[in-house]
Amino acid sequence: RDVPLHLVHATRIAVTTKSFVDDYQIDKEYAETALREAAAAVQATEKAVKVECFIRHGLASDALADESRGASLMCVGSEGIGRVASAFFGSTATEVAIRAHCPVAIVHRPELSVDKRPKWIAMPVNGPHDADEVIEAAMNEARIRDLPVLAVGTWQEDVADSPHDELDRTVDGLRERHPDVRMYPVATRADIGRFLNECDEPVSLAVIGPADVPHVIHMRPSPERGERTILIVRH
């Protein structure tokens with residue numbers, strides 16, 4: 001994407017008593033080591049990425065929310081307290097997903113996948129008012145990753161028209177606007193989170209809007225299908 005990568009580590013606020021000052025110094029040294037290792041991991045990919053490292057003081061969620069004000073994308077891991085509770089989002093990831101001022105990618109730790117089928121990008125196509133931003137972001141990710149898109153249409157039982165016909169018309173229109181992206185419709189009565197939980201296809205990335213965060217926040221990752229990332233798109 002030709003933008004610099006900021007690596008951010010949040011550590012406790014310095015205080016005046018000696019015992020806490022010693023703890024702070026330990027935290028600072030740990031932060032510096034962690035950032036050096038992270039920067040080395042980026043450099044090991046041999047990709048032309050400009051890396052800058054920052055230590056911020058205070059809670060990680062506060063620091064990252066503040067950093068997001070000037071970012072084009074915030075990337076966080078999914079692990080945390082929520083992992084123990086079988087939730088997809090950890091505590092920090094949940095806070096950042098809610099409070100960030102830019103799109104947020106929540107990345108699950110990669111697992112050894114036994115599924116060798118081609119992976120997909122999933123997106124809801126008949127969601128709330130932010131659907132256009134979600135669709136455009138999904139199209140961009142499909143081009144970058146060279147992956148096909150599952151256009152997920154949800155419906156209620158009292159809709160007047162056939163949900164499959166309506167979804168087909170929507171996807172036909174999207175194909176005209178994005179002829180370079182492979183796209184396939186799938187209709188479901190579930191919300192996007194439940195669909196992802198029950199989907200048999202290997203979905204590598206799900207692109208959603210803020211209104212869908214409650215639907216995916218307890219989504220369980222599928223180790224047998226490998227990594228799954230959630231990209232939350234904002235205006």
Q. Given H placed 1.01 Å from N in the peptide plane, which residues other than close sequence neighbours of ALA122 have an amide H under 5 Å from its amide H?
A. LEU150, LEU205, ALA206, VAL207
Q: Kindly write out, for segment 64-78 in residue order, the coupling ³J(HN,Hα) from the Karplus curve 6.51 cos²θ - 1.76 cosθ + 1.60 (θ = phi - 60°), rounded to whole Hz, with x marking Gly and Pro.
A: 6, 4, 5, 4, 5, 4, x, 9, 8, 7, 10, 10, 9, x, 8
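Read-outs: derived from the displayed coordinates by stated rules, not from any lab. In this text, all values refer to a predicted model and were calculated from it rather than measured experimentally.
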